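Peer 1: I'd like to ask some things about the structure below.
The values are calculated or read from the model by the stated rules, or taken from the named source; none is laboratory data. Quantities reported herein were computed from a predicted structural model and do not represent experimental measurements. Neighbour counts run over all protein chains shown; Cβ positions are idealised from the backbone, glycine included. Each accessible area value is taken on the protein alone, full model and side chains, heavy atoms only, with ligands, DNA and RNA left out. Shrake-Rupley method; radii C 1.70, N 1.55, O 1.52, S 1.80 Å.
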Amino acid sequence: MSFGAFKRKSPYIVGNWKMHKNVRESLVYLDNLAPHLAKSQAEVGLAVPFTALIPVIQKVKEMNLPIHIGAQNMSDYPEGAFTGEVSGEMIYDVGATFVILGHSERRHFFKEDDAYVNRKVKRAIKENLDVILCVGETLEARSENKVKVSLEEELKGSLEGLLEDHFQRICIAYEPIWAIGTGRVAKPEEAEQAHIYIRDTIKAMVGPEVSEHTRILYGGSVKPETAAGLLAQPNIDGLLVGGASLSAQSFGSML
Ligand code: PGA
């Protein structure tokens, strides 16, 4: 098995726009982000709404921007009578390269459990999409000292049945639920400890080589002021940024 040269060498910084930006706003954003991309040594991704995928991908090609474009969700089915769903094949077909799966907002508001997320992860890999799999504990789990157990459970459930080779397509995002959109960012040492738990769990599941090469991003209220401290931790390989990615200026300053 060989991991792509990109793995863990440079930080991977991904913006998650969630349900923000129409087509016009998305395209203006790219114009404003371009100068920052030219100066950055990070690998960069943007997870945009479905409706923005085609125009954004077209413009990224035209401008030759070094950035991965992905979706924020997909169906666990290849096709069929599933009104309102979008398949992995459709996402790949328009030129997107990755998809975020298991985000806590999907788990919470749309009742996605580990088994459902697991089916989506397997489907995404079949469709040649890279996956950013989100995991993270609740405030309750943290206050009861159950961070490790809760991360292990989510990882094992969401990645059940995956083989070593599949991990070349998987990157994990540690997003403590109490830190998402709340303004409460995890302290770098707290995040680092959780990333070590995650790496250890992957090691127990598929061995040391895979765990050493798997990128683990931190997400949850990351701001330009807190990005560098988090990235300085040895096991934090990048960032998944929500609110602060909505302005090209603030996202660009992190890059
Ligand atoms: P936030 O969102 O940066 O706004 O907390 C992060 C995420 O949910 O991916």
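Peer 1: Exactly one condition in (1) closer than 12 Å to Ala71 by Cβ; (2) within 12 Å of the ligand (Cβ to nearest atom) is not met by Gly102; state its number.
Peer 2: Of everything listed in (1) closer than 12 Å to Ala71 by Cβ; (2) within 12 Å of the ligand (Cβ to nearest atom), Gly102 misses just condition (1).
Peer 1: Could you list all residues from the range 7-51 that are farther than 13 Å from Ala71 by Cβ and charged (D, E, K, R)?
Peer 2: Lys7, Arg8, Lys9, Lys21, Arg24, Glu25, Asp31, Lys39, Glu43
Peer 1: Under 9 Å between Cβ atoms, which residue pairs at least 6 apart in sequence (or on different chains) link something in the range 179-193 that is aromatic (Phe, Trp, Tyr) with a partner that is modelled with pLDDT of 95 or more and within 8 Å of the ligand (Cβ to nearest atom)?
Peer 2: Close Cβ pairs satisfying both conditions: none exist.
Peer 1: Right, next: Would you pick out the residues in the range 108-131 that are in contact with a Phe, Trp or Tyr (Cβ under 6 Å, 6 or more places away or on another chain) and open to solvent by 50 Å² or more (accessible area, probe 1.4 Å)?
Peer 2: Asn128, Asp130
Peer 1: Could you pull out the residue among Leu53, Leu65, Leu30, Leu37 that is more than 16 Å from the chain's Cα centre (by Cα), of a type in the set (A, V, I, L, M, F, W, C), open to solvent by 20 Å² or more (accessible area, probe 1.4 Å) and farther than 28 Å from Gly157 by Cβ?
Peer 2: Selected residue: Leu65, the only one of Leu53, Leu65, Leu30, Leu37 that is more than 16 Å from the chain's Cα centre (by Cα), of a type in the set (A, V, I, L, M, F, W, C), open to solvent by 20 Å² or more (accessible area, probe 1.4 Å) and farther than 28 Å from Gly157 by Cβ.
Peer 1: Continuing with the same structure: Is it fair to say Leu53 is within 16 Å of Val14 (Cα to Cα), at pLDDT 95 or above and assigned to a helix (DSSP H, G or I)?
Peer 2: yes
Peer 1: Has the range 132-147 got at least one residue that is of a type in the set (S, T, N, Q), crowded, with 18+ Cβ neighbours inside 10 Å and not in a loop (DSSP other than H, G, I, E, B)?
Peer 2: no
Peer 1: Name the helices (runs of 4 or more DSSP H) wholly inside the range 149-255 in which the number of residues that are within 16 Å of the ligand (Cβ to nearest atom) and surrounded by fewer than 21 Cβ atoms within 10 Å (Cβ to Cβ) is 2 or more.
Peer 2: Result: 188-206, 224-231, 248-254.
Peer 1: If only one of Tyr92, Tyr77, Tyr12 is touching a Leu at 6+ places or on another chain (Cβ under 8 Å), open to solvent by 80 Å² or more (accessible area, probe 1.4 Å) and aromatic (Phe, Trp, Tyr), which one is it?
Peer 2: Tyr92
Peer 1: Related question: Is it the case that the range 59-81 has a residue that's among the aliphatic types (A, V, I, L, M) and closer than 29 Å to Gly207 by Cβ?
Peer 2: Checking the range 59-81: at least one residue is among the aliphatic types (A, V, I, L, M) and closer than 29 Å to Gly207 by Cβ.
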